[in-house]
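Peer 1: Quick one: the structure is below, questions incoming.
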Number of protein chains: 2
Amino acid sequence: MTIQQAIEEALADLTGVETACVAAGRTDAGVHARGQVVSFRTTSTIPPRGILHGVNHRLPEAIGLLAVEEASPDFHAQRDALGKRYRYRILNRDTPRPLDARTTWRVAAPLDLDLMSRAADHLIGIHDFTSFRNHGSVDGDRVRTVRRIGFTRDGERIDIDVEGDGFLYRMVRNITGTLVLVGRGALPPPRVREMLLAQDRRVAGPAAPARGLCLMEVFY
Amino acid sequence: MTIQQAIEEALADLTGVETACVAAGRTDAGVHARGQVVSFRTTSTIPPRGILHGVNHRLPEAIGLLAVEEASPDFHAQRDALGKRYRYRILNRDTPRPLDARTTWRVAAPLDLDLMSRAADHLIGIHDFTSFRNHGSVDGDRVRTVRRIGFTRDGERIDIDVEGDGFLYRMVRNITGTLVLVGRGALPPPRVREMLLAQDRRVAGPAAPARGLCLMEVFY
């Protein structure tokens, strides 16, 4: 069962009405979301606070609504999204930290954030991101705008925040996998620009694992 | 398979020698450990660093060695332990935070740390902790020394650090469950002293769930 199905079932059980949800962005298995936005229409008269607690009560621990509010009747979580921010979390150390294994990608080799940041600069702006896109969904136009790629290091933890108007399938994970190659010294930063211009998935780096990725925020 | 068995199997596979491990403290299913200490004897000549990486390579993501060092031949992780520090993590908010569900206990009712701290003061020192002990292992003498119970609040997160010379079965979880009753206003702080003196498990509060507990440090 998908997260969407779980929420729809909880809503139906609570309200007694079949309810279809729309999520702002899909997430692969293993990818997390702290800032997912979901819209739905209902004929139920249960107030938002009642839906919040009623649905949460019916969901397993791994899924939860953080807030529920009434929107204008034509609000559509996916179509109305103007942008998204994803965060990819890396644990940069040479021994495991089991309690973080589900939410981070552990990279043993020391990573040079300065090199990674220089490589990332080549990706900022409006580009065709075909080289960083996997098959798996119909993307149509491959041009996207990446507004920001920010790096934060806190001890062994490295967060890569990627913000843009929208993302192709696996795009953030493919960008991260490629930037990690740069950070390890396996790839000079300007190579990332060449990869981008090639518009060929085979030239860029491998996808970073799903578990480190989290949808943090959707902009409207 | 227990964590101990997983480590023993990995050691046997790496070194080619059957190896028995001793852990400083047992942890119930669902309880975590960041500072567990394990001792073992081996005839293997693999250096500590080789054991560290070789064993980690053979363990699932959920278990990991943080460090390996040579000890004196008579070192025994359990018998030589002089004390331990556990941390119990509470998430004090009225909606779920799924990514923390495995490692925290979510308490919806607002908790008053000042009341909890006053209640905890009654537990500091050398006491018979029968009222906070569950059946489940042979404890013998029920007298333990609790050196410190510290509270830290960071936004919605409350950490309760409990340090002592040793702990009876479920003692930290039973103490936490009782302190949460106090924090919600359901129990005045002096009641905890009466509970302690009663030396009767039935008078104290219920155990807090396993998932919020973590063995942080073992003192030698």
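The values are calculated or read from the model by the stated rules, or taken from the named source; none is laboratory data. These figures come from a predicted structure and were not determined experimentally. Neighbour counts run over all protein chains shown; Cβ positions are idealised from the backbone, glycine included. Protein only, heavy atoms only, side chains kept; ligands, DNA and RNA dropped before computing areas. Shrake-Rupley method; radii C 1.70, N 1.55, O 1.52, S 1.80 Å.
Peer 1: So B:ASP128 fits all but one of (1) surrounded by 14 or more Cβ atoms within 10 Å (Cβ to Cβ); (2) farther than 16 Å from B:ALA204 by Cα; what number is the exception?
Peer 2: Going through the list (1) surrounded by 14 or more Cβ atoms within 10 Å (Cβ to Cβ); (2) farther than 16 Å from B:ALA204 by Cα, B:ASP128 breaks only (2).
Peer 1: Only residues in segment A:52-65 that are facing chain B (nearest Cβ under 9 Å) count as the first member; pair them with residues that are basic (Lys, Arg) and open to solvent by 30 Å² or more (accessible area, probe 1.4 Å), Cβ under 8 angstrom, at least 6 apart or cross-chain, and list the lot.
Peer 2: A:GLU61/B:ARG102; A:GLY64/B:ARG97
Peer 1: Sticking with this structure for a sec: Restricting attention to segment B:66-104, which residues are of a type in the set (Ser, Thr, Tyr), more than 14 Å from chain A (Cβ to nearest Cβ) and touching a Gly at 6+ places or on another chain (Cβ under 9 Å)?
Peer 2: B:TYR86, B:TYR88
Peer 1: In segment B:112-207, which helices (runs of 4 or more DSSP H) lie fully inside it and hold 3 or more residues that are under 15 Å from the mean Cα position of the chain (by Cα)?
Peer 2: Ranges flagged: B:171-183.
Peer 1: Now, a different point. Which of the following residues is of a type in the set (D, E, K, R), over 24 Å from A:GLN78 (Cα atoms) and surrounded by 17 or more Cβ atoms within 10 Å (Cβ to Cβ): A:ARG118, A:ARG191, A:ARG153, A:ARG144?
Peer 2: Answer to the selection: A:ARG191.
Peer 1: So, A:ALA77, is that one touching a Phe, Trp or Tyr at 6+ places or on another chain (Cβ under 8 Å), outside any strand (DSSP E or B), open to solvent by less than 40 Å² (accessible area, probe 1.4 Å) and at negative phi or not?
Peer 2: No, not satisfied.
Peer 1: Could you check, for segment B:64-74, whether at least one of its residues is in contact with a Lys or Arg (Cβ under 9 Å, 6 or more places away or on another chain) and either assigned to a strand (DSSP E or B) or within 30 Å of A:ARG34 (Cβ to Cβ) (or both)?
Peer 2: So far as segment B:64-74 goes, yes, one or more of its residues are in contact with a Lys or Arg (Cβ under 9 Å, 6 or more places away or on another chain) and either assigned to a strand (DSSP E or B) or within 30 Å of A:ARG34 (Cβ to Cβ) (or both).
Peer 1: Do we find that B:GLN4 is part of a helix (DSSP H, G or I) and either more than 10 Å from every other protein chain (Cβ to nearest Cβ) or in contact with an Asp or Glu (Cβ under 9 Å, 6 or more places away or on another chain) (or both) in this structure?
Peer 2: Answer is yes for this residue.
Peer 1: Would it be correct to say that B:ALA207 is open to solvent by 10 Å² or more (accessible area, probe 1.4 Å) and within 14 Å of chain A (Cβ to nearest Cβ)?
Peer 2: No.
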